[in-house]
Amino acid sequence: MDEKQATPGKVAIGVVAWIGVAVLAVIAPANWEGFWGFLPVAIAVVVAWAVGEWVMKDTMEEGQR
Amino acid sequence: MTLRTLTRNVEFPDPPFIRTLFSSTLAAPLWLVIRFYVGWQWLTSGWGKVDGDGWLNQDGAALQGFWERIVQEPEVGRPPIAFGWYRDFIQFMLDNEWYTWFAWIIVWGEVLVGIALIVGALTGVAALFGAVMNFNFMLAGTASTNPVLFLFAVLLLLAWKVSGYIGIDRWLLPALGTPWSPGAVIRRRRGKDQEAEAVE
């Protein structure tokens, strides 16, 4: 089967997005109280996941999307 | 006849509701919420210890104090630890001053489990380590939030295939695979090894 690959640039964007989430998760509890620390991390996870989906969009077959 | 019954393989399929809950990506948003809650609890707890005294400094004095308190057996009433073997285990660690390095494991374990659950990286493994910590805290006589976190960790563990789907596991699990079904990275490596063997 001909396996499609995501472009390195797009993959890099996805990786950076997830590293950003991890960094935010580390700094948030110390800098923002309770819910206001949690909220940006939760939003960042969903955004990074959406970025990952965008990165992989062209590599997946119709049924996998 | 009894032996035949015992050795016969009969598989009972799970009901659709259970399959949806633990094996379908439709349930991923539910697991995301639970992951966020449990992960945030671990992260803030670990971070509080990083900032606090007696964990990463003062030779783990906070953990030493905790261990010294829970190994006590009061003359009246019940001791904090219900099982004698667990009390002996804590006493052994106390006698050998393991709190000096064990405090580091607890603190960074809590932080790492928290981050892994929040970003959904190897969620099942992270939930397992979280459950082990909850289990030990409960054995040590600390109830607090541990029973609830333990329950959620077990559920995340049961749903390991999809609990990190809205997270890094979306790409990590297919790449790594499982012992019974190797992922893309393992298959590629095996293919290269086979090519090298064929050349030799």
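The values are calculated or read from the model by the stated rules, or taken from the named source; none is laboratory data. Keep in mind that what you see is a predicted model, and the values were worked out from it rather than measured. A quick note on method: Cβ atoms are made from the backbone with ideal geometry, for glycine too, and the neighbour counts reach across all protein chains shown. To get the accessible areas, we keep the full protein, side chains included, count just its heavy atoms, and leave off ligands, DNA and RNA. Shrake-Rupley method; radii C 1.70, N 1.55, O 1.52, S 1.80 Å.
Accessible area of B:Leu112 (1.4 Å probe, protein heavy atoms only, ligands and nucleic acids ignored): about 110 Å². Treating each Cα of chain B as one equal point scatterer and applying the Debye formula with no solvent, the log10 of I(q)/I(0) at q = 0.12, 0.14 Å⁻¹ comes out as -0.79, -0.93. Panel note: contact residues of region B:112-129 (accessible area lowered by at least 30 Å² against the chain on its own; 1.4 Å probe) correspond to B:Ile115, B:Ile118, B:Val119. Loop-located GluC sites (Glu not before Pro) in region A:1-56 (DSSP state not H, G, I, E or B) with no more than 12 neighbouring Cβ atoms inside 10 Å: A:Glu3, A:Glu33. The long axis of helix B:84-95 is offset from the longest Cα principal axis of chain B by roughly 70 degrees.
Projecting the Cα atoms of B:Gly120, B:Gly191, B:Thr100 onto the dipole axis of the protein assembly as shown, where Lys and Arg carry +1 and Asp and Glu carry -1 at the beta carbon, places B:Gly191 farthest toward the positive end.
Please work out how much length the chain gains when fully extended from B:Asn57 to B:Glu197, using 0.36 nm per residue of separation minus the C-alpha to C-alpha distance, in nm with one decimal.
Details: separation 140, 0.36 × 140 = 50.40 nm, distance 5.24 nm.
45.2 nm is the gain from fully extending B:Asn57 to B:Glu197.
Charge dipole (Cα centre; +1 on Lys/Arg Cβ, -1 on Asp/Glu Cβ; no other charges) of the protein assembly as shown amounts to roughly 820 debye.
Listed values for region B:146-151 are Karplus-derived 3J(HN,Hα) couplings in whole Hz (6.51 cos²θ - 1.76 cosθ + 1.60, θ = phi - 60°), namely 4, x, 5, 5, 5, 4, and x replaces Gly and Pro. Peptide B:167-175 has a mean of 3 when you count, residue by residue, the C-beta atoms of other protein chains within 10 Å of its C-beta. Quantify how strongly other chains surround peptide B:84-90 by giving the mean number of their Cβ atoms within 10 Å of each of its Cβ atoms. Rounded to a whole number, the mean comes out at 0. Helix B:61-70 and the longest principal axis of the C-alpha atoms of chain B enclose an angle of approximately 80°. Here region B:1-62 is described by how far its Cα atoms reach on the three principal axes: 65, 35, 10 Å, from widest to narrowest.
Sort out the exposed loop chymotrypsin sites (Phe, Trp or Tyr not before Pro) in chain B (DSSP loop, at most 15 other Cβ within 10 Å) and tell me the longest stretch that has none. Could you put the intermediate results ahead of the total?
Working: sites that count: B:Phe83, B:Trp180.
Longest site-free region, per DSSP loop and neighbour criteria: B:84-179.
For the protein assembly as shown, the solvent-accessible area of protein heavy atoms averages 62 Å² per residue (probe radius 1.4 Å; ligands and nucleic acids excluded). Looking at the calculated P(r) for region B:91-168, what percent of the C-alpha pair distances fall above 17 Å? When every Cα pair of region B:91-168 is considered, 50 percent fall beyond 17 Å.
Under the rule of -39500 (n - 2.57) per DSSP H run of 4 or more residues, summed and divided by the residues of chain B, what mean residue ellipticity at 222 nm is obtained, to the nearest 500 deg cm²/dmol?
-21500 deg cm²/dmol
Taking every residue in A:23-31, how many Cβ atoms of other protein chains lie within 10 Å of its Cβ, on average?
For this peptide, the per-residue mean of nearby foreign Cβ atoms is 5.
At a probe radius of 1.4 Å, figure out the A/B buried accessible area, summed over both chains, and give it in Å² to the nearest 100. Interface area, both chains combined: 1600 Å², rounded to the nearest 100.
Taking a quarter of the surface of the Cα convex hull of the protein assembly as shown gives a mean projected area of 23.3 nm².
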